[in-house]
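For reference, the structure discussed in these notes is given below.
The values are calculated or read from the model by the stated rules, or taken from the named source; none is laboratory data. These figures come from a predicted structure and were not determined experimentally. Note that each Cβ is placed from the backbone with ideal geometry, even for glycine, and that neighbours are counted across all protein chains shown. The protein model used for the area step is the full one, side chains on, heavy atoms only, and it has no ligands, DNA or RNA in it. Shrake-Rupley method; radii C 1.70, N 1.55, O 1.52, S 1.80 Å.
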Amino acid sequence: MNLKDQIPSLLEELADLPLSEALARMASRFPGSIAFSTALGQEDQVITHAIFFNKLPIRIFSLDTGRLFQETYTLWSETEQKYNSKIEPFFPQASDVEAYISRDGINGFYDSVESRKACCHVRKVLPLTRALQGVAVWVTGLRSGQSANRSSFNLLEWDEAFQVIKFNPIINWSYDEMIAYLQEHDVPYNKLHNQGFISIGCAPCTRAIQPGEEPRAGRWWWEQTQKECGLHANYFNQKN
């Protein structure tokens, strides 16, 4: 049975399982071929804690775009120290970044949606493609409450672009549930969250949100398009 066809039976197995048990179940079903991508946001820190604290055999990696906040790097270091475990880094290829900057400029992502998505493609999508080589299950920290686009996401999905099962173990968690988990387990988090930054990405492309704005309003705030970078939606459709 191919990966995609396994999703219905896997959904039955995972029904009503707590977070750590659901992660452990998927790790046992796909030994050596399950990985979690963390951007070190609050949602991701919940899952990182569940994996590292319970010593689950799930790789954790992060995409270092080269333009992250210093607070994000500080959290990366604090997390590794707290759990005595490593987060695997994936960087964009230098030649890809050089070609992009030569063509679009050092801050060309401000000039057009196409240029911004090209930057995300070089700094995020291509490194993620390398990170997911040999992976059958890609674990994410997506929550349906993060944006309108993500409200339709499910616990398990087939990701056609990367040819993997995407596992979103906290997709149905509320914001308050997430915060309660972080507090209960004393999980480190990015201090920018205390300054109104809800969704945190690259420093030039992220601002604090204003009262009443949706959580991802601070990402690429100068655009009026869907607030995605290409990792969790079809990149080529977004470019058009």
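The rows are residues; the columns are (1) in contact (Cβ under 8 Å) with a residue 60 or more places away in the chain; (2) under 25 Å from TRP221 (Cα atoms); (3) not basic (Lys, Arg).
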position: ARG67; (1), (2), (3): yes, yes, no
position: SER77; (1), (2), (3): no, no, yes
position: PHE90; (1), (2), (3): no, no, yes
position: PHE109; (1), (2), (3): yes, yes, yes
position: GLU114; (1), (2), (3): yes, yes, yes
position: LYS124; (1), (2), (3): yes, yes, no
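Going by the conditions given, is LYS55 open to solvent by 50 Å² or more (accessible area, probe 1.4 Å) and under 29 Å from PRO204 (Cα atoms)? Against the criterion (open to solvent by 50 Å² or more (accessible area, probe 1.4 Å) and under 29 Å from PRO204 (Cα atoms)), LYS55 does not qualify.
Restricting the range 174-195 to residues that are touching a Gly at 6+ places or on another chain (Cβ under 8 Å) and part of a loop (DSSP other than H, G, I, E, B), which is surrounded by the fewest Cβ atoms within 10 Å (Cβ to Cβ)? Here the residue is SER174. Scanning the range 1-45 for residues that are assigned to a loop (DSSP other than H, G, I, E, B) and among the charged types (D, E, K, R) turns up just one, ASP16. Screening SER102 against (1) open to solvent by less than 50 Å² (accessible area, probe 1.4 Å); (2) of a type in the set (Ser, Thr, Tyr); (3) over 15 Å from LEU126 (Cβ atoms); (4) more than 21 Å from the chain's Cα centre (by Cα) leaves a single unmet condition, (1). Considering THR65, THR48, the condition of being in a helix (DSSP H, G or I) and open to solvent by less than 20 Å² (accessible area, probe 1.4 Å) is satisfied by THR48 alone.
None of LYS82, LYS117, LYS124 is under 14 Å from the mean Cα position of the chain (by Cα) and either surrounded by fewer than 20 Cβ atoms within 10 Å (Cβ to Cβ) or over 18 Å from MET26 (Cβ atoms) (or both) except LYS124.
Just so you know, in the range 23-45 the residues that are open to solvent by 10 Å² or more (accessible area, probe 1.4 Å) and of a type in the set (A, V, I, L, M) include one that is nearest to VAL125 (Cα to Cα), and it is ALA39.
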